[in-house]
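K.L.:
Supplied in structure tokens, the structure appears directly below.
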Amino acid sequence: MTDISTSTIVNRRITRNADRTDRKKPARLTPERLPAGWRLIGPLIILMGWEAASRLGVLSPNTLAAPSTAVRTGIDMVLDGSLPVHLAASAARAYSGLFLGVFAGVVLALLSGLTRTGEALIDGVVQIKRAVPTLALIPLVIIWLGIGEAMKIFLIFTAVLIPVYINTHAALRGIDIGHVELARTLGLSRAEFIRHVALPGALPGFFVSLRLAVALCWTALVVLELVNTQTGIGYLMNRARDWGQTDIIVVGIIIYALLGLVSDAIVRFIESRALSYRRALGS
Amino acid sequence: MNAHLTHAVVIRDLSRSFKGKTVLDHISLDIPAGQFVALLGESGSGKTTLLRALAGLDDDAESKGHYSRPDNVSVLFQDSRLLPWKTVIDNVKLGLRRPDARAAAEAMLADVGLGDKATAWPSTLSGGQKQRASLARSLLRAPALLLADEPFGALDALTRLRMQALLMRLVEHQRPTIILVTHDVDEALLLADRILVLKDGHIAEDHAVSLAHPRHQHQTELSLLRARLLASLGVEAGNL
């Protein structure tokens, strides 16, 4: 009797120890990686709830059109040619301002990041401009440039210039001191240093700024197309507001979202090509 | 002065201080052309400061005294300082203005055992391979003076031994004057013709090591010198 009971106790103890060794693996404190596509679950649920609410009559078309209605309206507008015209007008504005702003931002960042005179002349001015919201300049710029295209492109240009300048300039100033010392001991000229060390070193910072700039140029456009225009996605949405066409407003919102996503994807693609050395280890 | 003709490096009364704190204190030193000098010393003894002074990388120091050294100097850093956005071969020939730079760089890479890594990105190399590339970059310039700041300090023991052998093989033909800053007493004993111990910014000891290469750690002459060097660095050999 006693023998049996002791052996059970021993056995139990062994199992308990085995349990304990299983449990020795430390607790997982961070969530596991999300499988591909699962990120879409949240948006899909909202979309389905929205559609259901519209169909059940909870959501009146006067408040918000159903997603399916908006998609149908969008397709109709593409087919009758009205949407491509407005889209082209918006894109022309956004990308002219973007191009000019990125160009000027990079030139100013180079002058300010690589020369002392440049930094003394430029940096303070840009930092002050940074503190002023672009949209606060609208009244003044309308007086200067009128209410036409020049005003809209100019305002996008100034909005884009700031983040491009700030990030590129910071990247140039934050250059690895070890690389500077190396360049000096290798006897590089100033031009060689800029070309081989300073510019490639600042490229990641420039791409960060480019992604901000691309998002910003479309954001600025929404507001600017409220002012005196007969073309553009912003104009389309405002006219739809006057006529209570919520489906067209939703189409506009979807287009802005798509433009933002596509532009960002394009910049990221260029970035991954330009900075391919970073992926060398498959990280 | 006659000394300037036979000596590659002549240092006279060299002092360096940073924000009032003296790091080098009136150092005078002559190094004959082709001599391999190892610079030992505890942290803060001024050995890296001396090396950086000779490399011309101490703009922020208050300087006194003067030195002369060859114009053609290469610096070998502890971190290999390869530019991550340039392939290995472009790193090695960076700043080289010879028309045959690429071919010379390829030959030098083959010499350090990286012949198949010429077009690889530095981030794909191991620590030892990076330091080989860095060594190739330094020696491709055929320097008259090689300044090495603990170049093997961050490598594992086996890789370090291989790199030491590689360095000795490569400089056998070029015969540059070498100043090697190191924490490693055995490294100094195995490689150098002369070992200096720096203490509080001045040269406390100056030993010639005339033993032929290759050397082995257990040679009697080296063992005696090792005990002395360790003692002067504050480590009692008996405790090891």
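K.L.:
For the stretch A:127-166 and the stretch B:128-189, what is the separation of their Cα centres, given in Å?
P.N.:
Cα centroid to Cα centroid, the span is 57 Å.
K.L.:
Check chain B and count each lysine pair with an alpha-carbon distance under 29 angstrom, considering only pairs eight or more places apart or from different chains.
P.N.:
16
K.L.:
If packing is taken as the mean number of other Cβ atoms within 10 Å per residue, what is the order of B:96-106, B:143-153, A:242-252, highest first?
P.N.:
By packing density, highest mean first, the sequence is B:143-153, A:242-252, B:96-106.
K.L.:
Give me the number: length gained by fully extending residue A:44 to residue A:142, i.e. 0.36 nm times residue separation minus the C-alpha to C-alpha distance, one decimal in nm.
P.N.:
31.1 nm
K.L.:
Give the angle, between 0 and 90 degrees and rounded to the nearest 10, that separates the Cα long axis of helix B:101-111 from the longest principal axis of the Cα atoms of chain B.
P.N.:
Helix B:101-111 sits at roughly 70 degrees to that axis.
K.L.:
Based only on Cα atoms, what Rg/Rh ratio does chain B have, Rh being taken as Kirkwood's radius?
P.N.:
Reported Rg/Rh, Kirkwood definition of Rh: 0.97.
K.L.:
On to the next question. Can you tell me the relative contact order of chain A? Whole percent, Cα pairs under 8 Å, sequence separation 6 or more.
P.N.:
RCO, chain A: 23 percent.
K.L.:
Pulled fully out, how much extra length does the chain show between residue A:270 and residue A:75, if you take 0.36 nm times their separation in residues and subtract their Cα-Cα distance?
P.N.:
Residue separation times 0.36 nm, minus the Cα-Cα distance, leaves 67.2 nm.
K.L.:
Rounded to the nearest 500, what is the 222 nm mean residue ellipticity of chain A from helices alone, with -39500 (n - 2.57) per DSSP H run of 4+ residues and division by all residues?
P.N.:
-24000 deg cm²/dmol
K.L.:
How high is the FRET efficiency from residue A:117 to residue B:107, r the C-beta distance, R0 41 Å, rounded to 0.05?
P.N.:
FRET efficiency, residue A:117 to residue B:107: 0.40.
K.L.:
Quick one: among A:136, A:91, A:265, which has the greatest mean-square fluctuation in a GNM of chain A with alpha-carbon springs under 10 angstrom?
P.N.:
A:136
K.L.:
Only bridges with both residues in chain B count here: give the DSSP antiparallel percent, nearest 5.
P.N.:
55
K.L.:
Here's a follow-up. Would you calculate, for chain B, the mean residue ellipticity at 222 nm contributed by helices, counting each DSSP H stretch of 4 or more residues as -39,500 (n - 2.57) and dividing by all residues, to the nearest 500?
P.N.:
-10000 deg cm²/dmol
K.L.:
OK, next. Set the Förster radius R0 to 22 Å, insert the Cβ-Cβ distance between residue B:210 and residue B:173 as r into 1/(1 + (r/R0)^6), and round the FRET efficiency to 0.05.
P.N.:
After rounding, the FRET efficiency stands at 0.55.
K.L.:
Kindly work out what percent of the DSSP beta bridges joining two residues of the protein assembly as shown are antiparallel, to the nearest 5.
P.N.:
Antiparallel bridges make up about 55 percent of those DSSP assigns within the protein assembly as shown.
K.L.:
Right, here's the next one. Let me make sure I get this right: for the stretch A:72-274, a, b and c are the square roots of the gyration tensor eigenvalues over alpha carbons, sorted descending. Under 1.5 in a/c it's rounded, otherwise prolate if a/b > b/c, else oblate. Which is it?
P.N.:
Here the stretch A:72-274 falls in the prolate category.
K.L.:
On a 0 to 90 degree scale, rounded to 10, what angle separates helix B:220-232 from the longest Cα axis of chain B?
P.N.:
70
K.L.:
Averaged over B:118-126, how many beta carbons belonging to a partner chain fall within 10 Å of each residue's beta carbon?
P.N.:
Averaged over the peptide's residues, the number is 2.
K.L.:
Can you check how the C-alpha radius of gyration of the protein assembly as shown compares to 2.2 N^0.38 Å, as a plain ratio?
P.N.:
Compactness ratio reported: 1.43.
K.L.:
Using only Cα atoms, tell me the angle between helix B:127-140 and the longest principal axis of chain B; keep it within 0 to 90° and round to the nearest 10.
P.N.:
Once rounded, one gets 90 degrees.
K.L.:
Another question, if that's okay. I need the calculated FRET efficiency for the pair residue B:98 and residue A:254, taking r as the beta carbon distance and R₀ as 51 Å, to the nearest 0.05.
P.N.:
0.30
K.L.:
Full extension from residue A:189 to residue A:177: what is 0.36 nm times the residue separation minus their Cα-Cα distance, to one decimal in nm?
P.N.:
Taking 0.36 nm per residue and subtracting the Cα distance, the gain is 2.7 nm.
K.L.:
Here's another thing I want to ask about it. Quick test of the membrane-span-like rule: which DSSP H helices of chain A reach at least 20 Å along their long axis (C-alpha atoms) with mean Kyte hydropathy at least 1.0?
P.N.:
Membrane-span-like by this rule: A:82-114, A:149-173, A:199-224, A:246-274.
Read-outs: derived from the displayed coordinates by stated rules, not from any lab. Quantities reported herein were computed from a predicted structural model and do not represent experimental measurements. All Cβ positions, even for glycine, are placed from backbone atoms using ideal geometry, and neighbour counts span all protein chains on display.
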